[in-house]
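One structure is given below, represented as structure tokens, and several questions about it will come after.
The values are calculated or read from the model by the stated rules, or taken from the named source; none is laboratory data. In this text, all values refer to a predicted model and were calculated from it rather than measured experimentally. Note that we place each Cβ from the backbone using ideal geometry, even for glycine, and neighbour counts take in every protein chain shown.
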Amino acid sequence: MLEKKRDTPEHGELIVCITGDIDDFCSETIECLARYFSILHKNNIRAELFITSKGAEEYPERIEYIIKQHHVIGGHGDVHIGFHQSLSIQIERLKTMIKSFYHDFDLNIEGFRSPLHCHNQNTYLAVEKAGLKYDCSKKRFEIVFKRIPFYEKRYIYTKSYPIARPFLKIIGSVYNGYNKSLPFPFYITPKVLEFPTQGITDYSLIVDSQGPRFSPNEALKIGEIWTECLIELKQRGGGVMTLQAHPGRLSPAYIASLDHFIQNALKLGAVFSTPNEICHRYPG
Ligand SMILES: [Zn+2]
């Protein structure tokens, strides 16, 4: 047991993984990706992008570009449709995705995030049976703002937030406990490591009609909200914050949000990694 724990993230460690999904490459042009990566490169950070094999087949030069820039590619399904089917169909879909990346790019896909986080109990076993090593389909909340009236629109930018914060934290704990979303990666099946993804995403803050719908000139506010979640994770004893920051949505108009968050995370003592890299630190 002691042997198994060595080299894996320790209690108190604060690790951030910058991840983002690419559904179809409609908005993720080379220019968009280059701007996104430029923020990461100046801090020597690698991203992990979860991409559908259909998108990869249609835009091979963009996949080649991501590989050349030394970022990690994970699977986001064969097509951008949720994983709520039977076990056998889900295994088949994952195998189709894996084969496509291997055939077209010589890439061994090891990780998965379900489209729209839409998955069921079959998914974890399907991920294992397809031969993948880790999954990022679950969500986790350090502080819950989503679906909480008033706070969902204003987040940390309300006068009453300091009073509400302890309660919003408790709701987060209840959510994480009920959904078994732990702060550190954990084995969800005997062979699949789960990395719950931070539930406050760029979608929640920019697109969701119930959210604040921040405009590009408010991009720093997004970085501050993510920082607030990271501070809470640190206060709870550390963990891995897997951030969902879509290149197609953030770059270029909202890219300052990511830059601001990274600078704050560094000040908090966080180190950056990828689910892929962390997974390789766990004994198989
Ligand atoms: Zn997606």
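Would you check which residues across segment 78-89 are more than 16 Å from the ligand (Cβ to nearest atom) and closer than 23 Å to Cys279 by Cβ and list them?
Going through segment 78-89, the residues more than 16 Å from the ligand (Cβ to nearest atom) turn out to be 85-89.
Correct list: Leu87 only.
Sticking with this one: If I ask for residues that are modelled with pLDDT of 95 or more and charged (D, E, K, R), which ones from segment 221-275 would you list?
Result: Lys221, Glu224, Glu228, Glu232, Lys234, Arg249, Asp259, Lys267.
Scan segment 118-151 residue by residue and report those that are more than 24 Å from Arg281 (Cβ to Cβ), crowded, with 18+ Cβ neighbours inside 10 Å and not charged (D, E, K, R). Write out each step before concluding.
Applying the first criterion (more than 24 Å from Arg281 (Cβ to Cβ)) to segment 118-151 yields 118-122, 126, 141, 143-151.
Applying the additional criterion that residues be crowded, with 18+ Cβ neighbours inside 10 Å yields 119, 122, 126, 141, 143-146, 151.
Once the filter is applied, which keeps residues that are more than 24 Å from Arg281 (Cβ to Cβ), crowded, with 18+ Cβ neighbours inside 10 Å and not charged (D, E, K, R), segment 118-151 yields His119, Asn122, Ala126, Phe141, Ile143, Val144, Phe145, Tyr151.
Within segment 2-10, identify whether any single residue is under 24 Å from Leu182 (Cβ atoms), away from the ligand (no atom under 16 Å from the Cβ) and in contact with a helix residue (DSSP H, G or I) (Cβ under 7 Å, 6 or more places away or on another chain), and answer yes or no. I'd like the intermediate steps shown before the answer.
Just the residues of segment 2-10 that are under 24 Å from Leu182 (Cβ atoms), to begin with: 2-10.
After this cut, where a residue has to be away from the ligand (no atom under 16 Å from the Cβ) as well, the list is 2-10.
This time we only want the ones that are in contact with a helix residue (DSSP H, G or I) (Cβ under 7 Å, 6 or more places away or on another chain), so: 9.
Yes, because at least one residue in segment 2-10 is under 24 Å from Leu182 (Cβ atoms), away from the ligand (no atom under 16 Å from the Cβ) and in contact with a helix residue (DSSP H, G or I) (Cβ under 7 Å, 6 or more places away or on another chain).
Residues are listed down the side, and each one gets a yes or a no for (1) under 30 Å from Leu94 (Cβ atoms); (2) modelled with pLDDT under 95; (3) part of a loop (DSSP other than H, G, I, E, B); (4) of a type in the set (D, E, K, R):
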| residue | (1), (2), (3), (4) |
| --- | --- |
| Glu128 | yes, no, no, yes |
| Ile143 | no, no, yes, no |
| Pro149 | no, yes, yes, no |
| Leu168 | no, no, no, no |
| Arg213 | no, no, yes, yes |
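Considering segment 119-143 alone, what residues qualify as being within 20 Å of the chain's Cα centre (by Cα) and free of Cβ contacts under 8 Å to residues at least 40 places away in the same chain?
Residues satisfying the conditions are His119, Asn120, Gln121.
Would you pick out the residues in segment 100-124 that are within 16 Å of the ligand (Cβ to nearest atom), out of contact with any Ser or Thr (no Cβ under 7 Å at 6 or more places or on another chain) and farther than 14 Å from Asp21 by Cα?
Ile109 - this is the single residue of segment 100-124 that is within 16 Å of the ligand (Cβ to nearest atom), out of contact with any Ser or Thr (no Cβ under 7 Å at 6 or more places or on another chain) and farther than 14 Å from Asp21 by Cα.
Filter segment 188-207 down to the residues that are surrounded by fewer than 14 Cβ atoms within 10 Å (Cβ to Cβ) and either of a type in the set (A, V, I, L, M) or out of contact with any helix residue (DSSP H, G or I) (no Cβ under 8 Å at 6 or more places or on another chain) (or both) and list them by number. Write out each step before concluding.
As a first pass, look at segment 188-207 and keep what is surrounded by fewer than 14 Cβ atoms within 10 Å (Cβ to Cβ): 190, 207.
Residue satisfying the conditions is Val207 alone.
May I pose another question? Among the residues of segment 49-68, which ones are in contact with a Lys or Arg (Cβ under 9 Å, 6 or more places away or on another chain) and either of a type outside the set (A, V, I, L, M, F, W, C) or exposed (fewer than 15 other Cβ atoms within 10 Å of the Cβ) (or both)?
Selection gives Ser53, Gly55.
Could you please find all residues in segment 128-148 being within 16 Å of the ligand (Cβ to nearest atom) and either among the aliphatic types (A, V, I, L, M) or closer than 18 Å to Asp78 by Cβ (or both)? Step through it out loud before you land on a result.
Going through segment 128-148, the residues within 16 Å of the ligand (Cβ to nearest atom) turn out to be 135-139.
Across segment 128-148, the qualifying residues are Asp135, Cys136, Ser137.
Within the set of pairs 6+ apart or on separate chains, which have a first residue in segment 227-250 that is without any contact (Cβ under 8 Å) to a residue 12 or more places away in the chain, a second that is of a type outside the set (Asp, Glu) and not in a helix (DSSP H, G or I), and C-beta atoms under 6 Å apart?
Qualifying pairs under 6 Å: none.
Only residues in segment 32-51 that are charged (D, E, K, R) count as the first member; pair them with residues that are away from the ligand (no atom under 16 Å from the Cβ) and assigned to a strand (DSSP E or B), Cβ under 6 angstrom, at least 6 apart or cross-chain, and list the lot.
Partner pairs satisfying both residue conditions: Glu48/Val72.
Are any of the residues in segment 26-42 at negative phi, within 14 Å of the ligand (Cβ to nearest atom) and surrounded by fewer than 20 Cβ atoms within 10 Å (Cβ to Cβ)?
Yes, segment 26-42 contains a residue that is at negative phi, within 14 Å of the ligand (Cβ to nearest atom) and surrounded by fewer than 20 Cβ atoms within 10 Å (Cβ to Cβ).
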